[in-house]
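These notes concern the structure reproduced below.
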Amino acid sequence: MDFTGKKGLVLGVANDHSIAWAIAQELLEGGAEVGFTHLPDRPDDERRKNRTRVSKLTDKYPNAKFLEPLDVSNDEQIAGIMAKAKEEFGTIDFLLHSIAFADRADLGRETIETSRDGFKLAMDISVYSLIAVCNAARSILADGASVATMTYFGGEKCVPGYNVMGICKAALEASMRYLAYDLGQQGVRINALSAGPVRTLAGKAAGVDDMLALYEHMAPLGRNITHGEVGKTGAFLLSPASQGITGEILHIDGGYHAMGSPGRLLDKIKQQQS
Ligand SMILES: NC(=O)c1ccc[n+]([C@@H]2O[C@H](COP(=O)([O-])OP(=O)(O)OC[C@H]3O[C@@H](n4cnc5c(N)ncnc54)[C@H](O)[C@@H]3O)[C@@H](O)[C@H]2O)c1
């Protein structure tokens, strides 16, 4: 995909397994100039593990223009990133938000037992951050720019185990639609990419390992998706090739979301019964 002359921000690379990195590689290899952020390191972490993990990846690309710490629960830091992007790029053509967080204790218990503080934390980092980032970026988003966020089917239907994060994704998807309306008046698009399970840090906490086998049996394609496939589809949403698409949830899940029955998994169950 050709991103020559395009500039933008990628928020949410933690390591080489991150979905944000799969998408960023497509952008970088297509010639885009990209600014990155990483989760701030603790002040007592002399090895700066978060930064090092990401810089190991971005250092290989001369068109990876900067790497700055960002905690999306901090409005000043968000403003700082947009000021940096303005200084480096003037305006931006794409913005990827690939960020979510929930306390493991809340993910591990039944949704009905979600704590008040855990709910607020998960909603703040996984949902409100999209609104905050879009608002802070508003003045530097070029006409025709594209924003993408990452979601999961657990926001549409109950996926046991996904719990409070499913509620966050439902709110994220609704936020995306309202942001599409607000940003549309300046010619800016925003969409959500709904990915099937992919092995990542956040994915592990959200129960991806259990989901992989289920998708393999239930999805029409009869397999799981790859990092490379999410990368390409994410890049498509951020590129002018998807011009005209906004407020959309695009599923990249081997077709799992289209199923209304367990499909071939049912055959397997029948076989076991006979
Ligand atoms: N892995 C999957 O199966 C899957 C499926 C569908 C959607 N998603 C979504 O994709 C997105 C990226 O997750 P991933 O699976 O690539 O895992 P990941 O762990 O690689 O990425 C999550 C990112 O969120 C960042 N983050 C967490 N708290 C933050 C904060 N306070 N400030 C700034 N950044 C913060 C982390 O640093 C990390 O870079 C998430 O929204 C996730 O819900 C993942």
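The values are calculated or read from the model by the stated rules, or taken from the named source; none is laboratory data. Here the structure is a predicted model, which means the values were calculated and not measured. With ideal geometry, Cβ positions are generated from the backbone for all residues, glycine too; neighbour counts draw on all protein chains shown.
Within the stretch 219-233, count every residue that is part of a helix (DSSP H, G or I) and hydrophobic (A, V, I, L, M, F, W, C).
The qualifying residues number 1.
Residue under question is Gly231, and the condition is that it be within 14 Å of the chain's Cα centre (by Cα) and either of a type outside the set (Val, Ile, Thr) or under 15 Å from Tyr152 (Cβ atoms) (or both); does it hold?
Here the answer is yes, as Gly231 does meet what is asked.
Is it the case, given these coordinates, that Asp117 is closer than 24 Å to Ala174 by Cβ and within 14 Å of the ligand (Cβ to nearest atom)?
no
Residues checked against (1) of a type in the set (S, T, N, Q); (2) assigned to a helix (DSSP H, G or I); (3) crowded, with 21+ Cβ neighbours inside 10 Å:
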| residue | (1), (2), (3) |
| --- | --- |
| His217 | no, yes, no |
| Ala235 | no, yes, yes |
| Ile245 | no, no, no |
| Leu250 | no, no, no |
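Based on this model, can you work out whether Leu201 counts as under 18 Å from Asp106 (Cβ atoms), out of contact with any strand residue (DSSP E or B) (no Cβ under 9 Å at 6 or more places or on another chain) and within 11 Å of the ligand (Cβ to nearest atom)?
In short, yes.
Thr111 fails exactly one of the following numbered conditions: (1) farther than 30 Å from Gly244 by Cβ; (2) of a type in the set (S, T, N, Q); (3) out of contact with any Gly (no Cβ under 9 Å at 6 or more places or on another chain). What is the number of that condition?
Tallying (1) farther than 30 Å from Gly244 by Cβ; (2) of a type in the set (S, T, N, Q); (3) out of contact with any Gly (no Cβ under 9 Å at 6 or more places or on another chain), Thr111 fails exactly one: (3).
Conditions (1) within 17 Å of the chain's Cα centre (by Cα); (2) basic (Lys, Arg); (3) within 8 Å of the ligand (Cβ to nearest atom); (4) modelled with pLDDT of 95 or more, marked per residue:
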{"site": "Gly144", "(1), (2), (3), (4)": "no, no, no, yes"}
{"site": "Tyr152", "(1), (2), (3), (4)": "yes, no, yes, yes"}
{"site": "Pro160", "(1), (2), (3), (4)": "no, no, no, no"}
{"site": "Met165", "(1), (2), (3), (4)": "yes, no, yes, yes"}
{"site": "Lys169", "(1), (2), (3), (4)": "yes, yes, yes, yes"}
{"site": "Leu183", "(1), (2), (3), (4)": "no, no, no, yes"}
{"site": "Asn191", "(1), (2), (3), (4)": "yes, no, no, yes"}
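Filter the stretch 59-99 down to the residues that are surrounded by 17 or more Cβ atoms within 10 Å (Cβ to Cβ), more than 13 Å from the ligand (Cβ to nearest atom) and over 17 Å from Arg138 (Cα atoms) and list them by number.
Correct list: Tyr61, Ala64, Lys65, Phe66.
For the stretch 6-42, what are the residues that are within 9 Å of the ligand (Cβ to nearest atom), closer than 19 Å to Gly196 by Cβ and surrounded by 23 or more Cβ atoms within 10 Å (Cβ to Cβ)?
If the condition is that a residue be within 9 Å of the ligand (Cβ to nearest atom), closer than 19 Å to Gly196 by Cβ and surrounded by 23 or more Cβ atoms within 10 Å (Cβ to Cβ), then Gly12, Ser18, Ile19, Ala20, Trp21, Ala22 are the ones that fit.
Report every pair of residues separated by at least 6 positions or lying on different chains whose Cβ atoms are under 7 Å apart, first residue within the stretch 202-225 and within 21 Å of Trp21 (Cβ to Cβ), second of a type in the set (Asp, Glu) and in a helix (DSSP H, G or I).
Close Cβ pairs satisfying both conditions: Asn224/Glu216.
Can you name every residue in the stretch 21-67 that is hydrophobic (A, V, I, L, M, F, W, C) and assigned to a loop (DSSP other than H, G, I, E, B)?
Ala32, Leu39 - these are the residues of the stretch 21-67 that are hydrophobic (A, V, I, L, M, F, W, C) and assigned to a loop (DSSP other than H, G, I, E, B).
Looking only at residues that are surrounded by fewer than 18 Cβ atoms within 10 Å (Cβ to Cβ) and under 21 Å from Val198 (Cβ atoms) in the stretch 252-262, which one is farthest from the chain's Cα centre (by Cα)?
Only one residue fits best here, namely Met259.
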